[in-house]
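Visitor: Let me begin by handing over the structure; questions about it come next.
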Amino acid sequence: MKGASPKRNDILTYNEMCMIEGSSLQRGMNYRLGGRQSIFLMSVRSNAPYNDLIDENGRVLIYEGHDVARNATSKHPKEVDQPETLVSGTLTENGKFYLAAQSFKAGKSPPEPIRVYQKLHPGVWAFNGTYLLVDSWRESDDIRRVFKFRLELVDEELRALTDQELSHSRLIPASVKAEVFKRDRGQCVICGKTDNLHFDHNLPFSKGGTSLLAENVQLLCARHNLEKSNKIE
């Protein structure tokens with residue numbers, strides 16, 4: 001599984017996610033992990049430690065940078081500006097991604113591709129897709145300065161959609177994913193399997209089904225998701 005490319009809306013355990021990425025993911029921001037792929041772990045749950053936002057029905061993410069390490073200051077990390085460099089002068093992950101976005105904006109490099117995983121429940125993650133890092137800035141949250149990163153979805157399927165289809169996006173909002181996962185108890189609604197799960201539209205998007213209502217989204221295992229797809233005419 002190492003080095004595999006997950007599909008958008010795949011549901012993964014923490015261990016499965018780590019196996020795909022070939023690393024124990026101990027931090028939320030990972031710049032070119034192992035010299036390969038950049039990765040963001042995000043959450044929009046009420047108890048999330050950072051203010052991440054999902055906008056434009058999932059096509060845009062505003063990701064917040066990460067705090068100074070707890071053992072690096074006598075103050076609470078939420079009272080300290082998010083760091084660009086360590087005491088040694090080495091760039092933090094904030095700094096690496098900030099400079100990557102600035103390099104793109106200056107026309108010096110292509111945008112950094114980032115795989116984004118969203119936390120649904122403890123130990124359970126959804127792959128939101130691969131995004132391009134197109135902007136970075138620093139702003140005040142009224143207490144300290146934080147980093148912000150703008151990411152835009154990379155998806156060949158989206159490029160083929162018409163403007164009308166884009167207004168009725170097939171992207172499943174984070175709130176709907178969380179509601180469906182809880183309602184279906186984290187298992188395939190047909191066979192009860194709890195691994196290799198996917199979010200599936202009851203009425204396919206191509207036939208007018210919506211992604212915006214949990215009533216039209218369900219959990220299916222890989223086998224039943226494929227069987228359903230083969231029956232759609």
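Visitor: Could you work out which residue, out of 128, 47, 94, moves most in a Gaussian network model of the chain, that is, has the largest mean-square fluctuation with Cα springs under 10 Å?
Guide: Top of the fluctuation ranking is 47.
Visitor: Straight-line reach from residue 7: which lysines fall under 28 Å, measuring Cα to Cα and dropping same-chain residues less than 8 apart?
Guide: 96, 119, 148, 177, 182, 193, 207, 228, 231
Visitor: Could you work out [θ]222 nm for the chain from helices alone, using -39500 (n - 2.57) per DSSP H run of at least four and dividing by all its residues? Round to the nearest 500 deg cm²/dmol.
Guide: Values: 6 runs with 50 residues, N = 233.
Per the formula, -6000 deg cm²/dmol.
Visitor: Also, I was wondering about something else. Quick check: net charge around residue 81, other residues with Cβ under 14 Å of its Cβ, Lys/Arg +1 and Asp/Glu -1?
Guide: Cβ neighbours under 14 Å give a net charge of -1.
Visitor: Would you mind telling me the share, in percent, of accessible area of the chain contributed by carbon and sulfur at probe 1.4 angstrom?
Guide: Carbon with sulfur: 50 percent of the solvent-accessible area.
Visitor: Can I ask one more? Cut-off 10 angstrom, C-alpha nodes, Gaussian network model of the chain. Which of 220, 33, 151 fluctuates the most?
Guide: Ranking 220, 33, 151 by mean-square fluctuation puts 33 first.
Visitor: With every protein chain present, what is the per residue accessible area of the chain (1.4 Å probe, Å²)?
Guide: Result: 53 Å² per residue.
Visitor: Between segment 60-126 and segment 21-35, how far is it from one alpha carbon centroid to the other, in angstrom?
Guide: So the separation of the two Cα centres works out to 12 Å.
Visitor: What does DSSP give for the chain in terms of the percent of beta bridges that are antiparallel, rounded to the nearest 5?
Guide: Numbers: 41 of 46 bridges.
Within the chain, antiparallel bridges account for around 90 percent of the total.
Visitor: In addition: Tally Lys/Arg at +1 and Asp/Glu at -1 over every other residue whose Cβ is under 12 Å from the Cβ of residue 175; what's the total? Show your work: numbers first, answer last.
Guide: Working: positive: 45, 177, 182; negative: 179.
Its environment carries a net charge of +2.
Visitor: Can you tell me which of 181, 127, 104 moves the most in a GNM of the chain? Springs connect C-alpha atoms under 10 Å apart.
Guide: 104
The values are calculated or read from the model by the stated rules, or taken from the named source; none is laboratory data. Everything numeric in this text was worked out from a predicted model, so none of it was measured. Cβ coordinates were reconstructed from backbone atoms using ideal geometry, including for glycine residues, and neighbour counts include every protein chain displayed. The accessibility values were calculated without ligands, DNA or RNA, using every heavy atom of the protein model including side chains. Shrake-Rupley method; radii C 1.70, N 1.55, O 1.52, S 1.80 Å.
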